[in-house]
Amino acid sequence: MSLLVVGTVAFDALETPFGKRDKIIGGSATYFSLAATFFTQQANLVAVVGDDFEQSDIEMMQSRGIGTEGLQIKAGEKSFFWSGRYHEDMNTRDTLVTDLNVLADFDPQIPDSYQGCEYLMLGNLTPTVQMQVLDRLKERPKLVVMDTMNFWMEIAMDDLKKIMARVDVLSINDEEARQLSGEYSLVKAARAIMAMGPKFLIIKKGEHGALLFHGNEAFFAPALPLEEVFDPTGAGDSFAGGFLGYLAATGDTSFENMKRAVINGSAIASFCVEKFGPERLAELTKKELNNRIQEFVDLVQFDIDLD
Ligand code: AMP
């Protein structure tokens, strides 16, 4: 089992109804790998940062089992910066700033030690870079999962469609699924998107859970009703980290096991939203995670007698 993720490692500025942070570590690959290493011993990272990135943050990642050999540090350049503001309901947000900085000419390098990886996460990132990573792996991984967002649909739809045609699982939110397919019904959207390539589709619906589609089958996982949602940033990436981390740990990519993976992803995402940025994931214990997975089981289990 080996797991590789390409995505952003970033600085974020976040504003929610509960407060704000002007500069906090974020990025799709950061959340993904922090979540995945609760399931796998190691998650290898391919990403780029500027020299404004703190060595202590890199050490924090390494201490969690995140392989940083593929993390490029560009002297004299600035890291990718994203800023967002959440609405009162916390399900919707406005992007205020996206400064690509080092991402603008990112040329992803795959260390030799990463070759032969079995599980690949193409985290939210420039579609051409996602494509380059897949092209630069000498062997196609056993399972390729991909995430993206409206930003890339708006500026790079053609490239996005090319990479989508080559992945096994696409993980996006409901708004993105509608934008990508032009369909309002999520069932119709799922059919249209799977016709573009991915055999499996995950549609995340924030506090309303997540849907997993495959052929004519569908599975629904609720989100845990939480008393307080502090900051939803990174929930989608943490979900993907839990999902693929679990598949990599169990080595089983069947639809049945993906259902369990969706529950594991939902459980870890439910922690991510409890504090700002990746703060909660950084302090989370495996015991807390296991207790929460049990809460998910209890939430949806019921007996019914039919005559
Ligand atoms: P999520 O809340 O799961 O969508 O992920 C939020 C993270 O995605 C933040 O930490 C951002 O740094 C990162 N992000 C925001 N916009 C982009 C983008 N256009 N491409 C890649 N990563 C992004």
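From the list Leu134, Leu71, Leu96, Leu125, the lone residue that is within 12 Å of the ligand (Cβ to nearest atom) and either outside any loop (DSSP other than H, G, I, E, B) or touching a Leu at 6+ places or on another chain (Cβ under 6 Å) (or both) is Leu96.
Screening Ser83 against (1) of a type in the set (Ser, Thr, Tyr); (2) within 11 Å of the ligand (Cβ to nearest atom); (3) open to solvent by 40 Å² or more (accessible area, probe 1.4 Å) leaves a single unmet condition, (3).
Checking each residue in region 55-80 for being farther than 18 Å from Leu3 by Cα, in contact with a helix residue (DSSP H, G or I) (Cβ under 9 Å, 6 or more places away or on another chain) and open to solvent by 40 Å² or more (accessible area, probe 1.4 Å) picks out Met60, Ile73, Lys74, Glu77, Lys78. Among the residues of region 110-122, those identified as surrounded by 15 or more Cβ atoms within 10 Å (Cβ to Cβ) and more than 15 Å from the ligand (Cβ to nearest atom) are Ile110, Tyr114, Cys117, Glu118, Tyr119, Leu120. For region 226-236, the set of residues classified as in contact (Cβ under 8 Å) with a residue 12 or more places away in the chain and either surrounded by fewer than 22 Cβ atoms within 10 Å (Cβ to Cβ) or part of a loop (DSSP other than H, G, I, E, B) (or both) consists of Leu226, Glu228, Val229, Phe230, Asp231, Pro232, Thr233, Gly234, listed by residue number.
Within region 55-68, the set of residues being not hydrophobic (A, V, I, L, M, F, W, C) and not in a strand (DSSP E or B) comprises Gln55, Ser56, Asp57, Glu59, Gln62, Ser63, Arg64, Gly65. Within region 203-218, the set of residues being of a type in the set (D, E, K, R) and more than 16 Å from the ligand (Cβ to nearest atom) comprises Glu217 only. Evaluate the following for Phe239: is it surrounded by fewer than 18 Cβ atoms within 10 Å (Cβ to Cβ), under 19 Å from the mean Cα position of the chain (by Cα), in a helix (DSSP H, G or I) and within 12 Å of the ligand (Cβ to nearest atom)? Taking the combined requirement at face value, the residue does not satisfy it. Can you tell me which residue in region 123-136 is most open to solvent (accessible area, probe 1.4 Å), limited to those that are within 23 Å of Gly265 (Cβ to Cβ) and of a type in the set (S, T, N, Q)? Among residues in region 123-136 that are within 23 Å of Gly265 (Cβ to Cβ) and of a type in the set (S, T, N, Q), the one most open to solvent (accessible area, probe 1.4 Å) is Asn124. Annotation: Arg21 fulfils all but one of (1) within 14 Å of the ligand (Cβ to nearest atom); (2) within 20 Å of the chain's Cα centre (by Cα); (3) open to solvent by 50 Å² or more (accessible area, probe 1.4 Å); the unmet one is (2). Determine whether Ala221 is within 18 Å of Glu207 (Cα to Cα), within 19 Å of the chain's Cα centre (by Cα) and within 16 Å of the ligand (Cβ to nearest atom). Taking the combined requirement at face value, the residue does not satisfy it. Can you tell me which residues in region 261-307 are modelled with pLDDT under 90 and under 11 Å from Leu224 (Cβ atoms)? Hit for region 261-307 is Val300, nothing else.
Would you confirm whether any residue within region 24-43 is within 16 Å of the ligand (Cβ to nearest atom) and of a type in the set (Phe, Trp, Tyr)? Yes: one or more hits.
On inspection, Phe239 does not qualify as of a type in the set (Phe, Trp, Tyr), farther than 27 Å from Tyr86 by Cβ and touching a residue at least 24 places away in the same chain (Cβ under 8 Å). When restricted to residues that are under 17 Å from the mean Cα position of the chain (by Cα) and either within 19 Å of Asp12 (Cα to Cα) or small (Gly, Ala, Ser) (or both), region 251-273 contains 9.
Can you tell me which residues in region 137-160 are more than 16 Å from the ligand (Cβ to nearest atom) and open to solvent by 50 Å² or more (accessible area, probe 1.4 Å)? Step through it out loud before you land on a result.
Here is the first cut: in region 137-160, the ones more than 16 Å from the ligand (Cβ to nearest atom) are 137-144, 158.
If the condition is that a residue be more than 16 Å from the ligand (Cβ to nearest atom) and open to solvent by 50 Å² or more (accessible area, probe 1.4 Å), then Lys138, Glu139, Arg140, Lys142, Asp158 are the ones that fit.
Tell me, yes or no, whether region 249-265 has at least one residue that is open to solvent by less than 30 Å² (accessible area, probe 1.4 Å), within 14 Å of the ligand (Cβ to nearest atom), within 21 Å of Thr92 (Cα to Cα) and assigned to a loop (DSSP other than H, G, I, E, B). Scanning region 249-265 turns up no residue that is open to solvent by less than 30 Å² (accessible area, probe 1.4 Å), within 14 Å of the ligand (Cβ to nearest atom), within 21 Å of Thr92 (Cα to Cα) and assigned to a loop (DSSP other than H, G, I, E, B).
Scan region 12-22 and tell me whether some residue there is among the basic types (Lys, Arg) and closer than 25 Å to Asn264 by Cβ. So that I can check it myself, show each step before the final result.
Residues of region 12-22 that are among the basic types (Lys, Arg), as a first pass: 20-21.
In the following step, the residues that additionally are closer than 25 Å to Asn264 by Cβ were identified as none.
No; the residues of region 12-22 include none that is among the basic types (Lys, Arg) and closer than 25 Å to Asn264 by Cβ.
The values are calculated or read from the model by the stated rules, or taken from the named source; none is laboratory data. The shown structure was predicted, so the numbers you read here are calculated from the model rather than taken from an experiment. Glycine gets a Cβ as well: all are built from the backbone with ideal geometry, and neighbour counts include every protein chain shown. Accessible surface areas use protein heavy atoms only, side chains included; no ligands, DNA or RNA. Shrake-Rupley method; radii C 1.70, N 1.55, O 1.52, S 1.80 Å.
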